[in-house]
Amino acid sequence: MNNIPFYLAAFLVVLGVLIVVHELGHYLAARLCGVKVLRFSVGFGRMLWKRQLGKDQTEWAVSIFPLGGYVKMLDEREGKVAEEEVHRAFNRQSVGKRSIIVAAGPLANFALAILIYWAVFMHGSEELLPVLGAPPAGSPAAMAVIENGEQVRAVDGQPVATWNDLRWMLLQKAVDQEKVTLEVINERDEIAVRHLYLAAAGEQGWEGDALERLGVRFYRPDLPPVIGKVVADSVGERAGLLPGDRVLAIAGKEISSWYELVAVIRVSATKPLRLELDRQGANVAVDVIPDAVSERGQTVGKIGVAVAEGPKPRREVKTFISYSVVEAAGRALSETWDKSVFSLVMMGKMLTGEVSWKNLSGPVTIADYAGQSARLGLDYYLKFMALVSISLGVLNLLPIPVLDGGHLLYHVIEVVMRRPLSERAMEIGQQVGMSILFALMAFAFFNDLTRLFNG
């Protein structure tokens with residue numbers, strides 16, 4: 001609960017920036033095309049703050065419902081327009097100018113994403129190398145004979161520099177491909193080829209962690225299940241656990257690594273567990289009941305112990321990566337394009353039933369991710385903002401009345417028919433569009449609540 005104010009603030013900053021940028025796109029395009037702007041509002045509904053500025057006395061406002069915004073332009077369809085200002089009305093502009101004004105909002109979101117990626121890539125950041133961990137038995141990664149500590153050099157011949165690059169490439173390829181070829185180098189400096197089958201990534205409609213279903217995990221050094229620290233007044237201290245205790249088994253199951261120990265405890269919140277220990281050569285049994293702790297919307301078990309200092313990993317797992325101005329610009333354009341196309345592809349697969357609608361996320365999930373990324377650092381937060389900006393741009397270009405893409409569809413019909421749609425037709429379109437939009441929002445919010453309460 002203590003995280004809620006921070007997560008909410010991180011979400012509102014992202015939302016505010018994206019709304020302002022989107023509406024600024026419409027505003028600047030309208031001004032460029034000679035259209036008078038009456039109001040620029042961040043949010044909908046009752047206005048909390050407003051001020052009139054500029055030669056046209058445009059009303060700049062902040063309204064009570066923050067999930068969006070709008071730019072109100074002079075338009076004869078919405079009220080009487082003075083004769084001397086008719087030429088500045090939106091409805092009097094050519095279909096080309098109206099299309100530019102409408103498209104400028106989503107395009108501003110894409111431009112923001114490009115600028116963010118460009119800045120982040122130029123500044124540089126510490127990234128995880130694409131080093132693989134030991135896969136779970138029976139997983140596609142295990143069947144590909146992937147070993148702990150293997151670093152991926154290329155996927156289907158395309159070079160891979162970071163763990164995020166690897167994740168993104170596998171997700172993209174899993175949408176359309178049956179398998180990929182990984183070129184890896186192991187801790188013995190031997191180069192090998194692994195054939196990874198991708199069907200399991202989408203087995204659950206792409207809900208959850210697709211890479212986890214493939215068995216693709218980040219590298220973990222071999223850490224013995226030895227307790228290094230016991231937190232004061234924790235479950236572990238009250239049970240009598242001591243630094244130096246080596247866990248041999250939990251509930252009769254043999255434990256060989258620290259990660260196995262953590263995995264069992266995390267899924268055993270409020271459940272009694274018996275730990276069998278090696279304490280300075282003596283066998284000791286200790287009973288614990290892990291505390292239930294909320295972590296990223298999930299309830300997990302914890303007993304308040306930390307691992308003993310282990311050996312230094314045999315393989316480097318981090319690197320600092322930065323790009324020149326030109327390289328960063330090219331990478332930013334590529335990143336924005338790839339993620340835009342991927343978003344469209346996934347939306348298409350939702351419509352065809354290949355991807356579950358459970359993947360649709362609403363404000364609660366976005367707020368959670370905003371908070372998580374902000375805690376990880378500015379680079380992660382900015383990349384998250386860029387990703388949401390791309391999603392907003394793609395969403396607004398969908399041919400749904402009410403959205404920008406719906407208005408562009410009207411303009412295409414107008415060009416084909418050589419006359420505007422009737423007022424009645426557009427009214428019906430708006431009603432249909434609002435119904436679709438409200439249904440999507442309701443479904444996304446339902447998914448949010450399901451994730452929140454079910455983990």
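A short reminder: the numbers here are calculations on the coordinates, not readings from a lab. From a predicted model like this one, the values you see are computed outputs, not experimental measurements. Positions of Cβ are generated from backbone atoms using ideal geometry, with glycine treated the same way; all protein chains shown enter the neighbour counts.
Run the dipole for the chain about the Cα centre, Lys and Arg Cβ at +1, Asp and Glu Cβ at -1, nothing else charged, and hand back the magnitude in debye, nearest 20. Write out the running numbers ahead of the final one.
Working: 47 positive and 49 negative charges, 224 e Å.
So the magnitude is around 1080 debye.
Assuming a viscosity of 0.692 mPa s and a temperature of 37 °C, what translational diffusion coefficient in µm² per second does Stokes-Einstein assign to the range 387-452, Rh being the Kirkwood radius over Cα pairs? Spell out each step's value before the answer.
Working: Rh = 13.2 Å.
Estimated via Stokes-Einstein, D reaches 248 µm²/s.
Compute the long axis of helix 163-176 from its Cα atoms, compare it with the longest principal axis of the Cα atoms of the chain, and write down the angle in degrees, 0 to 90, nearest 10.
The two axes meet at around 70 degrees.
What's the angle, to the nearest 10 degrees (0 to 90), between helix 95-123's Cα axis and the longest principal axis of the chain?
So the helix axis and the longest Cα principal axis differ by about 30 degrees.
About its Cα centre, what dipole magnitude does the range 227-307 give when the only charges are +1 on Lys and Arg Cβ and -1 on Asp and Glu Cβ, stated in debye to the nearest 20? Spell out each step's value before the answer.
Working: 10 positive and 10 negative charges, 27 e Å.
It comes to approximately 140 debye.
Which FRET efficiency value, to the nearest 0.05, do you get for VAL145 and LEU351 by plugging their Cβ-Cβ distance into 1/(1 + (r/R0)^6) with R0 = 41 Å?
Working: r = 38 Å, r/R0 = 0.92.
After rounding, the FRET efficiency stands at 0.65.
Go through 374-383, 278-287 and give me the packing order, highest mean Cβ count within 10 Å leading.
Working: 374-383: 16.4, 278-287: 11.4.
Listed from highest to lowest mean packing, they are 374-383, 278-287.
Multiplying the sequence separation of GLU84 and ARG51 by 0.36 nm and subtracting their Cα-Cα distance, what value in nm do you get? Walk me through the intermediate numbers first.
Numbers: separation 33, 0.36 × 33 = 11.88 nm, distance 2.46 nm.
Stretched out fully, the GLU84 to ARG51 stretch lengthens by 9.4 nm.
How much length is gained if the chain between ARG375 and ALA137 is pulled fully straight, taking 0.36 nm per residue apart and subtracting their Cα-Cα distance, in nm to one decimal?
Details: separation 238, 0.36 × 238 = 85.68 nm, distance 3.31 nm.
Roughly 82.4 nm would be gained on extension.
Once you compute Rg and the Kirkwood Rh from C-alpha atoms, what is the Rg to Rh ratio for the range 50-206? Intermediate results must be reported in sequence, preceding the final value.
Details: Rg = 26.5 Å, Rh = 21.1 Å.
That ratio is 1.26, to two decimals.
Starting from the Cα-Cα distance between ARG188 and PHE320, subtract it from 0.36 nm times their residue separation and give me the gain in nm to one decimal.
Working: separation 132, 0.36 × 132 = 47.52 nm, distance 2.35 nm.
Length gained, ARG188 through PHE320: 45.2 nm.
With each label point set 7 Å from Cα along the Cα-Cβ vector, what nm distance links ARG279 and SER422?
Simple spin-label model gives 8.6 nm for this pair.
Based on the mean of other beta carbon atoms within 10 Å per residue, what is the order of 438-446, 393-401, 254-262, 49-57, most packed first? Mind showing how you got there, number by number?
On the way: 438-446: 13.8, 393-401: 20.2, 254-262: 17.4, 49-57: 10.4.
Ranked from most to least packed, the peptides come out as 393-401, 254-262, 438-446, 49-57.
In vacuo Debye scattering of the chain, one point per C-alpha: log10 I(q)/I(0) at q = 0.10 Å⁻¹?
-0.90
Sorting VAL216, VAL325, VAL184 on the 10 Å Cβ count, fewest up front, what's the list? Show your work: numbers first, answer last.
Details: VAL216 26, VAL325 10, VAL184 22.
Ascending Cβ contact count within 10 Å gives the list VAL325, VAL184, VAL216.
Specify the angular offset, from 0 to 90 degrees and rounded to the nearest 10, of the alpha carbon long axis of helix 404-417 from the longest principal axis of the alpha carbons in the chain.
Once rounded, the angle reads 40 degrees.
Just name one of PHE218, ILE4, GLY236: the one whose Cα is farthest towards the positive end of the charge dipole of the chain (beta-carbon charges, Lys/Arg +1, Asp/Glu -1).
Going by the Cα projections, it comes out as ILE4.
What residues qualify as long-range amide H neighbours of TRP60, i.e. H under 5 Å apart, gap of 5 or more or another chain, H built at 1.01 Å from N?
Answer set, sorted by chain and number: PHE40, ARG51, GLN52, LEU53.
SER343 label point, 7 Å along Cα→Cβ, cut-off 19 Å on backbone N: hits in the range 101-126?
It comes to 101-121, nothing else.
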